[in-house]
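Here the structure comes first, spelled out in structure tokens, and everything after it is commentary.
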Amino acid sequence: MALVYLKPNAIAEPLFNQWYAWSYLIPPASAALYMARSHLKILESFIEAPQVHQEALKDPAMRGAPFVNYGVDRLPEVQALLDRTRTQQANLLQLAEAIQTLDELLQEEANGYSIEPLYAKVPEALKGYVELVYDTHHHPSIRVMEGLLYQSQYYDRTAQSIALFLSDEDARSFVLSTPRLKDQNSIHLQIPFADSRWDQLFQMRSIPGDYSQIKESLKISPSDESLFASLFTETPPNPLQNTQTKP
């Protein structure tokens, strides 16, 4: 291959800790809470009773419920993800615990008077990252200084990756309840979302690029090269048709 295009049906799925990276998994505070209150519980439930998840997903009414869409054969991989989450994401899990502890403290001790004395009781993991306030209904609340968290240990770019694969289907399983495990049809590249190499790849949907150069830039392993090559074509994309209605 020389100059090639990225195929129109080449899908790039952003992942955070192998879960679909929707908007609440980007900010550290909300990512920590979803990881602790949702992801861990879903993984633990599947490991405890994978058959229950399989049976539940046979019912269309359960679509969107917190059930993992994998068979029992993927149990070791799910267990490995759970173990990695507990170790590699320990900082975020600590942050989630601190947020819950501080919220409980405010509900118990903030009584409508000055909230300043409670700063001394803010958990260590949150010190310097929150402001304690009353909302417009006089309820105590936590205001997270999100900009500071992005500069802290809690914003972990190494947890970001993108899965690349081909798809000709419009339908897919519910994305928020099932982590993305590696398989023979997808390539998982542990490269942060803000990396400029993604711009280089995605512009190849309309501007041809050098296949060897993009393969080297993304450090595609020999075992993934065949699948990676299938994402590209020498055929230019169809030009956009002018659908504007003439007067």
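Throughout, read-outs are computed from the coordinates displayed, never taken from laboratory work. Fair warning: this is a prediction, and the values are worked out from it, not measured in the lab. Reconstructed Cβ throughout: ideal geometry from the backbone, glycine too, with neighbour counts over all protein chains shown.
Quick look at the numbers
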{"item": "Sparse-neighbourhood loop sites, trypsin sites (Lys or Arg not before Pro) in the range 48-83 - DSSP loop, at most 12 other Cβ within 10 angstrom", "result": "58"}
{"item": "Nearest-20 debye value, the chain charge dipole, Cβ charges on Lys, Arg, Asp, Glu", "result": "500"}
{"item": "Nearest 10 degrees, 0 to 90: helix 90-109 Cα axis against the chain principal axis", "result": "40"}
{"item": "Identified option (computed volume of the Cα convex hull per residue in Å³; candidates (1) 163; (2) 133; (3) 214)", "result": "(3)"}
{"item": "Between 0 and 90°, nearest 10: helix 75-88 axis offset from the chain longest Cα axis", "result": "50"}
{"item": "Calculated from backbone phi, Karplus (6.51, -1.76, 1.60) coupling profile of the range 220-229 in Hz, x at Gly/Pro", "result": "5, 6, x, 5, 9, 5, 4, 5, 4, 4"}
{"item": "Order of 178, 233 under a 10 Å beta carbon neighbour criterion, fewest first", "result": "233, 178"}
{"item": "Gain on full stretching of the segment that runs from residue 51 to residue 88 - 0.36 nm per residue minus C-alpha separation", "result": "10.5 nm"}
{"item": "Low-density loop cleavage sites - trypsin sites (Lys or Arg not before Pro) in the range 126-167, where at most 13 other Cβ are within 10 Å (DSSP)", "result": "127"}
